[in-house]
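Engineer: I'd like to ask you about the structure that follows.
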């Protein structure tokens, strides 16, 4: 897929910076470097999959905490 032709649009576009920060934090925790140009073609499926899975796990944790009323 060519860069810039994303098919997964955010429902809340203002959340983009928070998602980018979450991606950076998750990559640091997993030891995966984020490419500066945004091109992930040189990465293995394992690297990108583990990053995506970890981000999803964190998002679910944040949502569960929010629903539980802890707010954190």
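Engineer: Looking at (1) exposed (fewer than 10 other Cβ atoms within 10 Å of the Cβ); (2) assigned to a helix (DSSP H, G or I); (3) within 13 Å of the chain's Cα centre (by Cα), can you tell me which one residue 38 breaks?
Structural biologist: (2)
Engineer: Taking interchain pairs and intrachain pairs at least six residues apart, which have beta carbon atoms under 7 angstrom, with the first residue in region 54-72 and surrounded by 10 or more Cβ atoms within 10 Å (Cβ to Cβ) and the second at pLDDT below 90?
Structural biologist: Final answer for the pair search is 54/30; 55/23; 65/72.
Engineer: In region 41-52, which residues are part of a helix (DSSP H, G or I) and exposed (fewer than 11 other Cβ atoms within 10 Å of the Cβ)?
Structural biologist: 45, 46
The values are calculated or read from the model by the stated rules, or taken from the named source; none is laboratory data. Everything numeric here is computed off the predicted structure, so don't read it as measured data. Quick reminder, even Gly has a Cβ in these numbers, built from the backbone with ideal geometry, and neighbours come from all protein chains shown.
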